[in-house]
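Trainee: The structure is given below, and queries will be raised subsequently.
The values are calculated or read from the model by the stated rules, or taken from the named source; none is laboratory data. What you see is a predicted model, and the numbers here were worked out from it, not measured in a lab. Ideal geometry is used to build each Cβ from the backbone, glycine not excepted, and the neighbour counts take in all protein chains shown. Heads up: the accessible areas ignore ligands, DNA and RNA and are worked out on the full protein's heavy atoms, side chains in. Shrake-Rupley method; radii C 1.70, N 1.55, O 1.52, S 1.80 Å.
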Amino acid sequence: MADIITLLKQNYNPFDLTTARSGNFWLEQQSPNLTVESIHQEQINEIVRVIEEVQLNHITRTILLKGDLASGKSYFLGRLKKQVNQNALFAYIGSWSDNSYIWRHILRQTVDSLMQTPENESQSQFLLWLNSLSAFQDKSLTKRILGEKTVFVQNFKSSYPTGIYQSKNFFSALYHATQTEDYLLACDWLRGEDLDTSDLKKLGIRKSLSSEEDAKNILMNLGRVSAKAQYPIVLCFDQVDQACLKENGLPTLLGVNTTIHNERLKNFVVILSLIQDTWENQTTKYPCLADQDRIDRTVKLDKITLDQAEEIWQKRLYPLHQQANPKPDSNISPLTREELKKRAPGGRTVPRTVIQLGHKLIQELKGTGHIKTDDSFLLVWDKEFKKIQAKVERIRQQSSSELAQYLADVLEMLGVPNVNYKYMEGSKYLNYSLSFIHPKTSKEIGILWNEDPNMRSFYYSMSACEKVVKAGDCDRLIFIRHEPFGSKKNKGYKLFQKIFSGNPHHHICPHLDSVHYLVTYHRLLNEATSGELVVGYDSPKPNHLKELVKQSGVFENCQLLKNLEIIDKPGNNGKIDPPHPVDPDTKIRDFLMKQVKSQGLLGAEVLINSTLAEFDAIALKDVTKQLKALERENYIQMIGNDKNIKDQSVFRVPEDQRQAS
Amino acid sequence: METKELKLLLQLLGCPDYRGKVGEIKPTSGTKVSETQRLCRKLADRELVILHEEIKKFKISPAGKTLLKADVENLPLSEAELKVLQVAAKGPSTPGDTQLPAAKRQLLLLDLCDRGFLNAIERKIVEVSLSVRGKEFLRDDYFDANARRNLQLNAQLLTNYIQFMRTWIGSVPPVTPTPTPDPTPSPATPPPFPQAKPSDSELIEMIRKIDSRLPTNNYTPIYHLRAEVQPPLTRDELDQALFRLIEGDKIQLSSLQDGMSYNDEQLAAGIPQEFSSPLFFIIVN
């Protein structure tokens, strides 16, 4: 048995900095052991009561959730969802990029959320809800005669004789959503994808949803139907500060809120989660925001007290305290309340600071001092990237306009000159396009990214391309598309062949992997703007994040950028690019170095175990081999009896000393 | 003045009461303690700092020996002092050898040295404080003739110096009346005499007034308040008062998310946080 200090030195720092921030509650699991119930409990109860009211009377309510930077707003929403998900449908709505697309953005994100599976359930929110509707319990004779779908749609139509927008299409889509083979397709229609005729035919629907009006009305439909099942829909607008700080951002959001109220969209609980500074300053900027009347309640997430801060520490330290012998003399030992007090002006602080301080103090105790922001950035990136890999399974989960915008953001971050989102002016595909000056050739490059499955959309976008090419607006036009091109006979395909089969214009087929890069960067950028991003002890602002991403070189393996020749193909300029696919030894080695860099000093046993857990099908000897190699090359030093590697400790050799020796 | 000496002084300005431990006032993170001590001694020779030393090893002086041989009852020595001398008489000793309570030892030893009964064999500087002369030097005299020299100061050191100068401006009425009018328009006429320092509850009233005058919707940037109460309060005094008000749940401070709408000077009025953006707005509860 070891004392607490030894245990802390041997184990991972219990204050994992990547847990100091939260985001979309569908991407993150909260560990109940770490939740301090007393923090913001009153505020949770207050909102739960509102949700319960809406459950009874279906009258839409709006709550403004204000809190300081890092006061735990996203975490709070996650807790709320966890507590009431069995009684309400939860939608997470992040920042939007274009005010004139906001309803479509909300609808898309709402349907995406409905497709998520709540904790302890085996079906998505959407299916759980549909299955609870009475139209499904119909086992009558008529059903057998007329066919299941007809009865289903008729049942629905008779339950809602008026007030359902495009009722036949909408109910058809709901029906197909319950059929496993059509589920994704039906959801695609609901979230406003431009589907191809053959797909629409499968759903028995005439056309895709396309306008803001369509999106708003489908949302209204969802609200009305969910009222029958006693499930309010909770729309959580979170980390939307980026969009709200833009010209007319907050007025647009409040306008949406007013519309929801005025047009009697029923059964919604709208939660607007905003940084207090954003709210106060934007409302001073637009003093005539009469829409504020439509906010029924303001809930404020106050700073936390020293007692609550101590409890956060205590919960994180608990597992190690349990193992410690002798028992530590306080339940936050070896940390002290004094340390908290020093960083909490007037005895108030925010949860994130408490975790960051805990991390720093434990790091000092390990004798390894501060971790460098650059080093921890890779861990943050990896973690986010893995989350995105697990959640983004199809390129089309993002709209084409989002994809184009994300790509523009990434190019700009990489320092590509004259990046211009929305390039094809006067075209319906303005939002799908961008342009830039190629840093190596100085040529003007135009890009159109269209993943709409609809062949008509494909054709029109091709004719838009033809116009650009004819006018000679750019030196090279690139068409990005992964979706099929349809049969060789159709007009769109022929046009595509004509424009893109030769030089200089060409086609790139993107891989899902590249899209993961774009989405990961987009999310981090968004968090940085909302002040929610945590890297090491820093909360980098967007500009700092851009530097970190650039320096880290994480984009070097992004195939799409290689295709665009923004990033050199492997071996092009003598730079050592990681071989692709990366061989297992390098992977282990990189992993070991990342851990040692971010932890400084670590017990070898813990390090080995986490490496074994990280990779499939590797053996202890593979890990020891890499450890020995790193020691030989003087990247790390091992201390302790070298007869048994597990009794040793590993620490990082600082860069300057490594060079010297 | 050598760069390292200057940096050491600036480090000292960041310490409470301008007094710091040797380990805390290293001019650069790479400076060894022994070098810091050498620098401190040089500065002490010029009376810019006062050294607070501990005696690590000592022996009895001839004077002390004589003292012991003298008639004990008439000596102005306490029992403890006597004990120390007796221990020292046996040969070079350490503070531990005296078996006195740890808190008392150094005072006694230093006193005995000062009085010449003991000789210190080894002294160690524990803390250093800025002397009155040092303060005057930094305020009135410091001047770097070599204007082309590249001084690399980190923001903390610069802040220390600026804070220090502000303290002077805040607490001492100007020696010579300045004929130029106050450039910052202030609602009250600037009083000719130092104002009385406002109490905590008066501060709340002032915040309320500023808020309704501007108006700032009970979300008042802190620089408005500083402009009004510094002086008579120093920056630190105002911060401490605000912290007391937070503790009593009278006010809250909210941090700045996006600094775009403020200039650098206004931003500098915020209260920096180790892990987060500065506290910048005042909310009265």
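Trainee: Taking the Cα centre as origin and putting +1 on Lys and Arg beta-carbons and -1 on Asp and Glu beta-carbons, what dipole magnitude results for chain A, to the nearest 20 debye?
Mentor: For chain A, the charge dipole is close to 1380 debye.
Trainee: Over the Cα atoms of chain B, each weighted equally, I'd like the Debye log10 I(q)/I(0) at q = 0.08, 0.10 Å⁻¹, rounded to two decimals.
Mentor: Calculated log10 I(q)/I(0) at the listed q: -0.54, -0.75.
Trainee: For chain A, what is the mean residue ellipticity at 222 nm derived from helices alone (per DSSP H run of n ≥ 4: -39500 (n - 2.57); sum divided by total residues; nearest 500 deg cm²/dmol)?
Mentor: Helices in chain A give a 222 nm mean residue ellipticity of -15000 deg cm²/dmol.
Trainee: Using alpha carbons only, how many degrees (0 to 90, rounded to 10) separate the axis of helix A:373-391 from the longest principal axis of chain A?
Mentor: With both axes taken from Cα atoms, the answer is about 40 degrees.
Trainee: While we're looking at this one, here's another question. Assign one of three labels to the stretch A:391-516, namely rounded, prolate or oblate, based on the Cα gyration tensor with a ≥ b ≥ c the square roots of its eigenvalues; rounded applies when a/c is under 1.5, prolate when it is not and a/b is larger than b/c, and oblate otherwise.
Mentor: oblate
Trainee: Can you work out the accessible area per residue across the protein assembly as shown, with the rest of the protein chains kept in place, probe 1.4 Å, in square angstrom?
Mentor: Accessible area per residue: 47 Å².
Trainee: In terms of modelled amide H atoms, which long-range or inter-chain residues lie less than 5 Å from the amide H of A:Ile508?
Mentor: Amide H neighbours of A:Ile508, under 5 Å, 5+ apart: A:Phe479, A:Ile480, A:Arg481.
Trainee: Roughly how large is the A-B contact in terms of buried accessible area, totalled over both chains, probe 1.4 Å, nearest 100 Å²?
Mentor: That pair hides around 2000 Å² of surface in total.
Trainee: Regarding the stretch A:162-209, what is the average projected area of its C-alpha convex hull, in nm²?
Mentor: Averaged projected area of the stretch A:162-209's Cα convex hull equals 3.0 nm².
Trainee: Taking a ≥ b ≥ c as the square roots of the Cα gyration tensor eigenvalues, with a/c under 1.5 meaning rounded and otherwise prolate when a/b beats b/c, else oblate, which class fits chain A?
Mentor: oblate
Trainee: Using the reciprocal of the averaged 1/r over all distinct C-alpha pairs, how large is the Kirkwood radius of the stretch A:306-459 in Å?
Mentor: So the Kirkwood estimate lands at 20.4 Å.
Trainee: Oh, and also: Once you have the Kirkwood Rh of the stretch B:1-152 from its Cα pairs, apply Stokes-Einstein at 37 °C and 0.692 mPa s and quote D in µm²/s.
Mentor: Here the translational diffusion coefficient equals 188 µm²/s.
Trainee: Still on this structure: Angle between the Cα long axis of helix A:400-413 and the longest principal axis of chain A, 0 to 90 degrees, nearest 10?
Mentor: Long axis of A:400-413 versus the principal axis of chain A: about 40 degrees.
Trainee: Out of every Cα-Cα pair in the stretch A:1-82, what percent are more than 14 Å apart?
Mentor: Tail of the P(r) past 14 Å holds 72 percent of the pairs.
Trainee: Let me ask something else. With a Cα-only, solvent-free Debye model of the stretch B:201-274, what are the log10 I(q)/I(0) values at q = 0.25, 0.27 Å⁻¹?
Mentor: -1.50, -1.66
Trainee: Explain nothing, just compute: Karplus ³J(HN,Hα) = 6.51 cos²θ - 1.76 cosθ + 1.60, θ = phi - 60°, for every residue of the stretch A:200-214 in order, whole Hz, x for Gly and Pro.
Mentor: Residue by residue, the stretch A:200-214 yields 4, 4, 4, 8, x, 10, 7, 9, 7, 6, 9, 9, 4, 4, 3 Hz.
Trainee: Continuing with this model, one more query. Cα convex hull of the stretch A:180-320: mean projected area in nm², to one decimal?
Mentor: Hull-based average projected area comes out at 14.2 nm².
Trainee: So, one more: Summing -39500 (n - 2.57) over the DSSP H runs of n ≥ 4 in chain B and dividing by its residue number, what mean residue ellipticity at 222 nm do you reach, to the nearest 500 deg cm²/dmol?
Mentor: -12500 deg cm²/dmol
Trainee: What is the angle, in °, between the Cα long axis of helix A:351-365 and the longest principal axis of the Cα atoms in chain A? Nearest 10 is fine, range 0 to 90.
Mentor: 30 degrees
Trainee: Which cross-chain or sequence-distant (5 or more) residues have an amide H under 5 Å from the amide H of A:Ser124, H modelled 1.01 Å from N in plane?
Mentor: When sequence neighbours closer than 5 places are left aside, there are no close amide H contacts.
Trainee: Residues with amide H under 5 Å of B:Asn119's amide H, sequence separation 5 or more or different chain, H placed in the peptide plane at 1.01 Å from N; which?
Mentor: Amide H neighbours of B:Asn119: B:Lys59, B:Ile60, B:Ser61.
Trainee: Normalised by the residues of chain A, what does the relative contact order come to in percent, with Cα pairs under 8 Å and at least six apart?
Mentor: 17 percent
Trainee: Which of rounded, prolate or oblate describes the stretch A:192-253 when judged by the alpha-carbon gyration tensor and an a/c cut-off of 1.5?
Mentor: oblate
Trainee: What is the spread of the Cα atoms of the stretch A:465-569 along each of their three principal axes, largest first, in whole Å?
Mentor: On the principal axes, the stretch A:465-569 reaches 58, 27, 27 Å in Cα extent.
Trainee: Extent of the stretch A:43-108 along each principal axis, from alpha carbon coordinates, in Å, largest to smallest?
Mentor: Here the Cα extents, ordered largest to smallest, are 34, 31, 19 Å.
Trainee: Moving on to the next point. When the Karplus curve 6.51 cos²θ - 1.76 cosθ + 1.60 is applied with θ = phi - 60°, which whole-Hz ³J(HN,Hα) does each residue of the stretch A:57-73 get, with x for Gly and Pro?
Mentor: 10, 6, 7, 4, 10, 10, 10, 8, 9, 9, x, 5, 3, 6, 7, x, 5
Trainee: Another question, then. Using the Karplus curve 6.51 cos²θ - 1.76 cosθ + 1.60 with θ = phi - 60°, work out ³J(HN,Hα) for each residue of the stretch A:429-441 in order, rounded to whole Hz, and write x for Gly and Pro.
Mentor: 9, 3, 6, 9, 10, 8, 8, 7, 9, 5, x, 9, 9
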